[in-house]
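Following: one structure in structure tokens, then a few remarks.
Please treat every number below as a calculation from the coordinates, not as lab data. Owing to the predicted nature of the structure, the values given are computational and were not obtained by experimental measurement. So basically every Cβ, Gly included, is an ideal-geometry build from the backbone, and we count neighbours across all protein chains shown.
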2 protein chains.
Amino acid sequence: MARRKVANPLAFAVLGSLGERPMHPYEISTMLRARGKDQSIKVNYGSLYSIVSSLEKHGFIEAQETVREGNRPERTVYRITDAGRAEFDDWLTELVGTPSREFHPLEAGLAYLPGLPPDRAVELLEQRLAVVDVEIAEMTAMHEQMASAEFPRIFWVESEFRLALLRAESAYVHRLADEIRTDKLDGSAFWRMAWKHYLDEGISPGEQLKDPVKYFGQEFAWMQAVPPEAR
Amino acid sequence: MARRKVANPLAFAVLGSLGERPMHPYEISTMLRARGKDQSIKVNYGSLYSIVSSLEKHGFIEAQETVREGNRPERTVYRITDAGRAEFDDWLTELVGTPSREFHPLEAGLAYLPGLPPDRAVELLEQRLAVVDVEIAEMTAMHEQMASAEFPRIFWVESEFRLALLRAESAYVHRLADEIRTDKLDGSAFWRMAWKHYLDEGISPGEQLKDPVKYFGQEFAWMQAVPPEAR
DNA sequence: ATGCTAATACTCGATCTCGAGTAATCGAGA
DNA sequence: TCTCGATTACTCGAGATCGAGTATTAGCAT
């Protein structure tokens, strides 16, 4: 079993919502949207009902009553239990106090960056920056608005944090794109050559790595010493 | 159907590995570890075999041969197909060129930060920093080592990127913890008071929000104007 | 009165995921 | 030569996941 009996982050948001007052599932989902929590927690409305019943099965919440309005489907109102409050508290403590290994998709992309021709890589990185930088500008503007409306910062620290990460992403990607473009990134000359040999003469990168001196020149003799597993 | 027929990032790494030469699944997994790709892509060895058969079903890879050594279980060696190369290329293009909405667990935690007493929040943030800052130091040291071994940077940009994100996290969390501790975070006085009322007199936060002037003083009269849904 | 769009409130099942479990072999030391 | 832990190589199924689909109703313009 996973460490948490119900591990989906949406379950955390459900517990947080029911901690305030009893609600039925759909009400939870609209409330999360109204408060913008769906910006910080992935809310998938198809998962909501299975998560609610899983929480109930594990005793974290319980059905309080079933109401029907007109011809609408029945709605079950749930309330949080003591075990549920404890679980929420423990979960919140963990989320804040313990870093967990995250895998950013760009990390995966960068790990295989030499799989793209250098110029194409620069193009794509700039394409990404166009989107990211617009988002940064929008978030910055929104923060200024909230600040001038005197909406206390404590209520939007999660958004500040996200902005900090986006800025770091932007700064790093800007620098990386520049360094590839100007050949200042160590290894990029070699990357450029390998792609040239491949495109002009059809020599696969694997082939070239077997004889670096022949394909890249004397200054790459050291490569023969690097175990292939490290590359 | 999902946009990608096989959506798990591990499938991306499998395609990348088989793009180099044919291999059997277990060999892929050891190779990914040897090259440290498991640091940038989440590799779950229980998923590996289902992902490989899914890739085969969709025509991205195909079985080349089945070999048996001694009494060991049979090993099927797979090779990538043209469709598989195209898929890998398309995927890599997407990972590098298109930002995708990520949900950092700390964002979820921060979204419910007022659910913790302020002093406890500071404690937890500092506990997180202790771990994060050690990791930053270790990564920095490792980068220095790789640089002095003249291992070209192009082969570890993914790690540089991760370090940039970690540094941003650390900087933001440092600042936030300081601001809560010194009451410089707008709203923290109010947060502190609400918890004091709750712990001393058992008045729930919901109750207090209904009459902010009574519980927090005249300067919080504006709160009555803020629709409860925004909080 | 009528038609239309948006919002409400869910259901379903095909696919995915992952950790625990298994079983064989290798290799270092006693 | 024997043991025992580490490594190799893989299997399995319970539970999670998610998007597409459905059916109803409210609100609003015509």
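Would you please give the FRET efficiency between B:D90 and A:E135, computed as 1/(1 + (r/R0)^6) with r the Cβ-Cβ distance and R0 = 30 Å, to the nearest 0.05? Before the final figure, lay out the partial values.
On the way: r = 24 Å, r/R0 = 0.78.
With a Förster radius of 30 Å, E is 0.80.
Efficiency by 1/(1 + (r/R0)^6): what FRET value for B:E123 and A:V77, r their Cβ-Cβ distance, R0 = 30 Å, to the nearest 0.05? All intermediate terms of the calculation are to be shown ahead of the outcome.
Numbers: r = 36 Å, r/R0 = 1.19.
It comes to 0.25.
List the distances, in nm to one decimal, from the label point of A:V77 to the label points of the same position in every other copy, shortest first, placing each label point 7 Å from Cα along the Cα-to-Cβ direction.
Relative to the other copies, A:V77 has label-point distances of 6.8 nm.
Using a 10 Å cut-off on Cβ to Cβ distances, tally the other chain neighbours for every residue of A:187-197 and report the average as a whole number. Could you put the intermediate results ahead of the total?
Details: counts 8, 3, 2, 2, 3, 0, 0, 0, 0, 0, 0.
The mean count of partner-chain Cβ atoms within 10 Å per residue comes to 2.
Can you tell me the dipole magnitude for chain A around its Cα centre, using point charges on the Cβ only (Lys, Arg +1; Asp, Glu -1), in Debye to the nearest 20?
Details: 28 positive and 36 negative charges, 112 e Å.
Roughly 540 debye, rounded to the nearest 20.
Once you've got the Cα coordinates, tell me which of A:K42/B:K196; A:K184/A:K214; A:K37/B:K196; B:K5/B:K42; A:K42/B:K37; A:K184/B:K37 are over 28 Å apart. Kindly include the intermediate steps, with their values, before the conclusion.
Numbers: A:K42/B:K196 32 Å; A:K184/A:K214 23 Å; A:K37/B:K196 26 Å; B:K5/B:K42 18 Å; A:K42/B:K37 26 Å; A:K184/B:K37 24 Å.
Distance filter (> 28 Å) returns A:K42/B:K196.
I need the shape label for the protein assembly as shown. Rule: rounded when a/c is under 1.5, else prolate if a/b > b/c, else oblate, with a, b, c from the alpha carbon gyration tensor. Show your work: numbers first, answer last.
Numbers: a/c = 2.46, a/b = 1.72, b/c = 1.43.
Cα axes put the protein assembly as shown in the prolate bin.
What does the copy distance list look like for A:E201, label position 7 Å along Cα→Cβ, in nm and ordered from shortest?
Spacings between copies for this position, smallest first, are 8.4 nm.
For label points placed 7 Å from Cα toward Cβ, what is the shortest-first list of nm distances from A:Y45 to its copies?
Result for A:Y45, in nm, nearest copy first: 4.2.
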